[in-house]
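Chemist: Before we start, here is the structure in question, set down as structure tokens.
The values are calculated or read from the model by the stated rules, or taken from the named source; none is laboratory data. The structure displayed is predicted, hence computed values, not measured ones. As a convention, Cβ positions derive from the backbone with ideal geometry for all residues, glycine included, and neighbour counts pool all protein chains shown. Note: accessible area is taken over every heavy atom of the protein model, side chains too, but ligands, DNA and RNA are not part of it. Shrake-Rupley method; radii C 1.70, N 1.55, O 1.52, S 1.80 Å.
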Amino acid sequence: MSLFNLSLVTFEIDHEDCWSKLTSDYPVLIKTIFAKPSKGKDYILGMDEVKTHNRRAFKGFLKSFRRDKSIYEIVQIIELDSRRGIYRILFKERYENMIMGIIENYMTLYMKDLIKDGNERLLLIMPSDEVVALKRDLETLGEIHYFNAKRVDFNDFIPTFFDLSEQERNAVLQAIRLGYYEYPRKINLEELGKIMGISKPTLEEYLRKAEKKVMSKIFREFYQQDLLFHSPDY
């Protein structure tokens, strides 16, 4: 295995005998926050984020989710934004015959998913020489609607944590804290610069460079979302 020989794998699977099938009956979108198998692999402790139209739709989904045979226990329900229909569920689910149980057997360096319309869509970065075996294992769980793999440079796909300079990072933090990005703005650049002890042109330069780098990270995030939301055309 070489970190210089990696593939970006995207696929959609109709996972049989799994609670993900419930998303075909309810208007929900679901994303995994984390999924951690227990030491004895008796269950998977997971937290999922759920986006739906309203509280009523969420309650309907939750009722069916709680009754599904693959769910052992709902540990906690968190309401993040009831107006926009965003919730998080902490739960224990069956380990056997679950996608996370299979993925755990591979050197997965990065993963995102989306569950919608009764299917699970995943995006993975993994060693290229393990891709064929992964597909073979996934086929035991259900019908694969598409499965794509292409070489990827991990360094291009995952931005560096240290891309902002100390001055740029401090400028953005102060701008956020003091309300420069509020609408309407609570402070202008000249006032912010005086507080920070730097000139307005210098502050503008720091913010402009920082915003470009931040938007580049957001673009990568949107690109990944696009891969998950839109099935490839054949």
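Chemist: May I ask you to give the solvent-accessible area per residue for the chain, in square angstrom, as obtained with a 1.4 angstrom probe?
Modeler: I get 60 Å² per residue for this part.
Chemist: Ignoring ligands, DNA and RNA, what percent of the accessible area of the chain is carbon or sulfur (1.4 Å)?
Modeler: With neighbouring chains kept in place, the figure for the chain is 51 percent.
Chemist: Need the list of aspartates and glutamates near K69 for cross-linking: C-alpha distance under 16 angstrom, and skip anything on the same chain fewer than eight residues off.
Modeler: E16, D17, D42, E93, E96
Chemist: Bin width 10 Å, alpha-carbon pairs only: give the P(r) of segment 121-200 as whole percents, running from 0 to the bin holding the largest distance.
Modeler: Values per bin, smallest distances first: 13, 27, 14, 14, 18, 11, 1.
Chemist: Still on this structure, I have one more. Quick one: of K51/K212; K186/K217; K63/K116, which pairs are farther than 24 Å apart, Cα to Cα?
Modeler: Result: K51/K212; K186/K217 exceed 24 Å.
Chemist: To the nearest µm²/s, what D does Stokes-Einstein give for segment 171-234 at 25 °C and 0.890 mPa s, using the Kirkwood radius over alpha carbon pairs as Rh?
Modeler: Translational D for this selection: 179 µm²/s.
Chemist: Direction-averaged shadow area of the convex hull around the Cα atoms of segment 95-164, nm²?
Modeler: 6.1 nm²
Chemist: Give me P(r) over the chain, computed from all C-alpha to C-alpha distances, binned every 5 Å, as integer percentages.
Modeler: 1, 6, 11, 14, 14, 13, 12, 10, 8, 6, 4, 2, 0
Chemist: So if we plug the beta-carbon distance of Q225 and E96 into 1/(1 + (r/R0)^6) with R0 = 30 Å, what FRET efficiency do we get, rounded to 0.05?
Modeler: Step by step, r from the Cβ atoms, then E = 0.50.
Chemist: Further question: Taking Rh as the Kirkwood radius computed over C-alpha pairs, what is the Stokes-Einstein D of segment 1-98 at 4 °C in a medium of viscosity 1.567 mPa s, expressed in µm² per second?
Modeler: So the translational diffusion coefficient is about 88 µm²/s.
Chemist: So between F162 and E16, what do we pick up on full extension, going 0.36 nm a residue minus the alpha carbon distance?
Modeler: Going from the current span to full extension adds 48.3 nm.
Chemist: Label points 7 Å out from Cα along the Cβ direction at R83 and E190: separation in nm?
Modeler: That separation, rounded to one decimal, is 3.4 nm.
Chemist: Another question, if that's okay. From Cα pairs below 8 angstrom and at least 6 apart in sequence, can you work out the relative contact order of the chain, rounded to a whole percent?
Modeler: 25 percent
Chemist: So for the pair E139, Y183, with labels modelled 7 Å out along Cα→Cβ, what separation do we get in nm?
Modeler: 5.0 nm
Chemist: Separate question: Could you quote the convex hull projected area for segment 43-144, Cα atoms only and averaged over all directions, in nm²?
Modeler: Convex hull of Cα atoms, orientation-averaged projection: 7.1 nm².
Chemist: Mean-square fluctuation check for the chain, GNM, Cα pairs under 10 Å: which of G101, G179, G46 is largest?
Modeler: G179
Chemist: In square nanometres and to one decimal, what's the mean projected area of the convex hull around the Cα atoms of segment 100-234?
Modeler: Here the figure is 11.6 nm², rounded to one decimal.
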